[in-house]
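Peer 1: The following block contains the structure, expressed as structure tokens.
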Amino acid sequence: MCAIGKQEQADKMSIGSVTELPYENEFFNICVSHSVLDCMPRKLAQMGIREAFRVLKSKGLMYMDFYMDNQKGDCDEQAMDGFDKNTIKSYFTVESIKEFIGDQADIKDFKIIRTTDADGRDIEYGCRAHLVMQKIS
């Protein structure tokens, strides 16, 4: 018995690694990666994005988002507190995002959204790049 009382939905779920998704090549028309690949070492994230494109059909669409921070630029760091303590946070620039994606996809939409407090000050981790891409081949 499933704890949430939705056994039919639980039976449809899969567990896999970002580097070894349990799906055939070109299985999905659409893939979504929300707050995933910027929460691990970049080398692992590079393997993850290749794996995501492997399971995405030719001309399929992918949504991804990435942390950005004007002061930190392009870097990886360990979170020292909060809910994500001891995890890796990767911060990207526009250039490093394009490099990260490489020639695997055409960027169809690219937005940078900043979150601010009531006084208009940027909130830490409040800047994210949101992309929609189309797989090239």
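Peer 1: Any residue at all in segment 102-109 that is out of contact with any strand residue (DSSP E or B) (no Cβ under 7 Å at 6 or more places or on another chain), closer than 28 Å to GLY60 by Cα and surrounded by 11 or more Cβ atoms within 10 Å (Cβ to Cβ)? Walk me through it before giving the result.
Peer 2: Going through segment 102-109, the residues out of contact with any strand residue (DSSP E or B) (no Cβ under 7 Å at 6 or more places or on another chain) turn out to be 102-103.
Of the ones still in play, those that are also closer than 28 Å to GLY60 by Cα are 102-103.
Next, from what is left, pick out any that are surrounded by 11 or more Cβ atoms within 10 Å (Cβ to Cβ): 102.
Yes - at least one qualifying residue is present in segment 102-109.
Peer 1: Can I ask one more? Pick from PHE92, PHE53: which is under 21 Å from VAL18 (Cα atoms) and at pLDDT below 95? Steps first, answer last, please.
Peer 2: Working: PHE53 fails: at pLDDT below 95.
Going through PHE92, PHE53 in turn, just one is under 21 Å from VAL18 (Cα atoms) and at pLDDT below 95: PHE92.
Peer 1: Being surrounded by 12 or more Cβ atoms within 10 Å (Cβ to Cβ), in contact with an Asp or Glu (Cβ under 7 Å, 6 or more places away or on another chain) and either without any contact (Cβ under 8 Å) to a residue 12 or more places away in the chain or assigned to a loop (DSSP other than H, G, I, E, B) (or both) is true for just one of SER96, SER90, SER35. Which residue is that? Spell out the reasoning first.
Peer 2: Details: SER96 fails: either without any contact (Cβ under 8 Å) to a residue 12 or more places away in the chain or assigned to a loop (DSSP other than H, G, I, E, B) (or both); SER90 fails: either without any contact (Cβ under 8 Å) to a residue 12 or more places away in the chain or assigned to a loop (DSSP other than H, G, I, E, B) (or both).
Unique residue meeting the criteria: SER35.
Peer 1: Kindly evaluate GLN78 against the criterion of being loosely packed, with under 12 Cβ neighbours inside 10 Å, of a type outside the set (Lys, Arg), modelled with pLDDT of 85 or more and more than 29 Å from ILE136 (Cα to Cα). If you could, list the steps in order and put the result at the bottom.
Peer 2: Working: loosely packed, with under 12 Cβ neighbours inside 10 Å: yes; of a type outside the set (Lys, Arg): yes; modelled with pLDDT of 85 or more: yes; more than 29 Å from ILE136 (Cα to Cα): yes.
Considered against the rule, which asks whether it is loosely packed, with under 12 Cβ neighbours inside 10 Å, of a type outside the set (Lys, Arg), modelled with pLDDT of 85 or more and more than 29 Å from ILE136 (Cα to Cα), GLN78 comes out as yes.
The values are calculated or read from the model by the stated rules, or taken from the named source; none is laboratory data. What you see is a predicted model; the values in this text were computed from it and never measured. Methodologically, a virtual Cβ is constructed for each residue, glycine included, from the backbone with ideal geometry; neighbour enumeration extends over all protein chains shown.
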